Amino acid sequence: MGHRLEQVFRDQYSEMLHFIIRRIDDAAEAEDMLQEIFSRATEHMNVLDPIENLVAWLWCSVKNRVIDYYRARALRRKRETELIVDDGTDGFDLLADLKLPGGEHAYLRRIIADTLYESLDELPESQREVFILQAIEGRTFAEIAELTGESINTLTARKRYAVKFLRQRLKEIKELLHEEM
């Protein structure tokens with residue numbers, strides 16, 4: 001088993017590393033990501049249920065790790081900015097209809113932000129991925145299609161379901177906030 005991983009490492013490492021670097025533009029971070037992926041592969045090779053198609057597993061891990069990188073970066077940045085999400089048409093401001101004094105505004109903005117991020121965790125992975133990459137990170141559907149290998153129509157539908165779900169969740173929190181005011 002170890003010999004198989006070593007061979008794949010020699011054959012695929014450079015190509016995988018360049019794939020990551022092209023997407024995140026940080027060679028040191030790309031190297032760290034790839035080392036982590038190969039380390040996890042080593043762990044999986046030593047369990048009772050080994051990886052059947054190692055190359056496919058590695059490439060899937062590489063793509064997922066790049067997506068995770070953008071997701072983490074986007075969520076950190078978004079928590080610090082206005083909570084305006086582009087749904088592909090007109091966008092919606094999560095606080096647009098709340099008339100709040102200054103101090104309450106910041107507090108309620110934090111509550112709504114926390115609700116949004118908790119709600120994102122409730123989405124199916126495929127919808128969450130598309131929503132974060134497109135609405136928060138600002139990537140085009142064409143870029144996401146290239147990254148994930150999914151069709152633009154599939155990605156658009158997933159985003160639409162995610163927006164519908166998030167709007168409902170945020171509507172519920174706004175209704176609760178209006179009741180308390």
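The values are calculated or read from the model by the stated rules, or taken from the named source; none is laboratory data. What you see is a predicted model; the values in this text were computed from it and never measured. Cβ: placed from backbone, ideal geometry, glycine included. Neighbour counts: every protein chain shown. Accessible surface is based on the protein model in full, side chains and every heavy atom, while ligands, DNA and RNA are left aside. Shrake-Rupley method; radii C 1.70, N 1.55, O 1.52, S 1.80 Å.
Which condition from (1) closer than 30 Å to residue 11 by Cα; (2) modelled with pLDDT of 85 or more is the one that residue 124 breaks? Condition (1) is where residue 124 drops out. Residue pairs whose Cβ atoms lie under 6 Å apart, separated by 6 or more positions or on different chains, with the first residue in the range 123-139 and crowded, with 19+ Cβ neighbours inside 10 Å and the second part of a loop (DSSP other than H, G, I, E, B), are 133/139; 135/86.
If you check 41, 72 for being at pLDDT below 75, outside any loop (DSSP other than H, G, I, E, B) and open to solvent by less than 80 Å² (accessible area, probe 1.4 Å), only one passes: 72.
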